[in-house]
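For reference, the structure is listed below as structure tokens.
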Amino acid sequence: MIHEVDDVLRALIRAEVLEGGQVAVVFDAPTREWAAKVNAPMVNLYLYDIREDMRRRERGLHNEYDERGVVVARRRPPRYFKLSY
């Protein structure tokens, strides 16, 4: 799932900020070795923290119904996370 968020962020940065410029968008950890290899313009969006959004957490189960209104499955509610780049 995180790679999908990365893909959307990459597309958003390229379209809205870089406006099609020849600047790379990467998601690498910024280490000394990484910085030494950088030789072209780039934007680094490093994911440094992931936390569950406890305010949106729900308890219990969600019922899943068929076309007749009969409960056919029960699932745990979705969990939401905050990603910090």
Selection from the range 8-37 of residues surrounded by 11 or more Cβ atoms within 10 Å (Cβ to Cβ), within 17 Å of TYR48 (Cα to Cα) and without any contact (Cβ under 8 Å) to a residue 12 or more places away in the chain yields TRP34
Tally time: how many residues in the range 26-48 are among the charged types (D, E, K, R) and part of a loop (DSSP other than H, G, I, E, B)?
-> 1
Of the residues in the range 38-55, how many are touching a residue at least 12 places away in the same chain (Cβ under 8 Å) and either under 17 Å from the mean Cα position of the chain (by Cα) or surrounded by 13 or more Cβ atoms within 10 Å (Cβ to Cβ) (or both)?
-> 11
If only one of ARG10, ARG68, ARG14, ARG32 is under 17 Å from the mean Cα position of the chain (by Cα) and modelled with pLDDT of 90 or more, which one is it?
-> ARG10
Failed criterion for GLU19 (all others in (1) assigned to a loop (DSSP other than H, G, I, E, B); (2) within 30 Å of ARG79 (Cβ to Cβ) hold) = (2)
The number of residues in the range 49-76 that are in a loop (DSSP other than H, G, I, E, B) and touching a strand residue (DSSP E or B) at 6+ places or on another chain (Cβ under 6 Å) is 3
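The values are calculated or read from the model by the stated rules, or taken from the named source; none is laboratory data. Note that the coordinates shown come from a computational prediction; the quantities given were computed from them, not determined experimentally. We place every Cβ from the backbone using ideal geometry, glycine too, and count neighbours over all the protein chains shown.
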